[in-house]
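Here's the structure we're looking at; comments come further down.
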Amino acid sequence: MEQKKVITYTAGHASVRKQLLLFWIFFIIGSFTIGGGYAMILMMKRYLVEQYHWLKDDEFYDMLAISQVTPGPIAINMATFVGYTQGGVLGSVLATLGVSIPAVAVIIVIAVFFPGFKNNVWVQRFFAGVIVGIVAQIATIVLDMGKRQKWTIVSVIVCAGSLGILFFVHQVSPIWLILGGGLVGLAVEGFKPHKATQATAKKAS
């Protein structure tokens, strides 16, 4: 069985041009992705993996998993992590600012002007269409992640159980499901016979 390559993450060293590009890419992501962190994932992947090849698929999804279990919005966590690996501390700061500035600006505009026209029929229709687009984006990234998952009986049970809890037990925070899934993964891995143990047993026999 082929062993998965261990991916290591260190601070990157980038030119001034790449540092500015980091800011610009995440500024675009923050400006034109409506629907929150999960809706941004698809655009992040297209820029970071497919267009600029800064990350491989495995690295991207590893960073996504880390961003999900660390405190704070997933988009900001992702920007901070990617910026650090590509441009060091400065790249981390610029990427985080890039993805944050549009959201802050839009929230200020909405807070000032939205109460005056929130009941406008055109505004309501606009947001109804936006929600449909967001659902499509999130569904796309969920299907993509599902295809890359190595499904086992345990992972199917954990996934089905998590869906059931989310649908029927609304008081449970999703963070507990994420941490619970991680603990199950650790437990399953702990019960697996390691290759070193197997090799020792073979030699002994």
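Descriptive notes on the structure:
- Meets criteria (crowded, with 17+ Cβ neighbours inside 10 Å and not assigned by TED's automatic domain parsing to the domain that holds I175) for W122: no
- In the range 171-194 there is at least one residue that is out of contact with any Lys or Arg (no Cβ under 8 Å at 6 or more places or on another chain) and either of a type in the set (K, R) or in the same structural domain as D57 (by TED's automatic domain parsing) (or both).
- For the range 34-50, the criterion of being among the hydroxyl-bearing types (S, T, Y), in the same structural domain as L90 (by TED's automatic domain parsing) and at pLDDT 90 or above is met by at least one residue.
- Leading residue by the ranking (farthest from D58 (Cα to Cα)) among those in the range 105-144 that are touching a helix residue (DSSP H, G or I) at 6+ places or on another chain (Cβ under 7 Å) and touching a residue at least 60 places away in the same chain (Cβ under 8 Å): I134
- Scanning the range 141-178 for residues that are modelled with pLDDT under 75, surrounded by 12 or more Cβ atoms within 10 Å (Cβ to Cβ) and either over 23 Å from M40 (Cβ atoms) or of a type in the set (V, I, T) (or both) turns up just one, I141.
The values are calculated or read from the model by the stated rules, or taken from the named source; none is laboratory data. Source: prediction; values computed, not measured. So basically every Cβ, Gly included, is an ideal-geometry build from the backbone, and we count neighbours across all protein chains shown.
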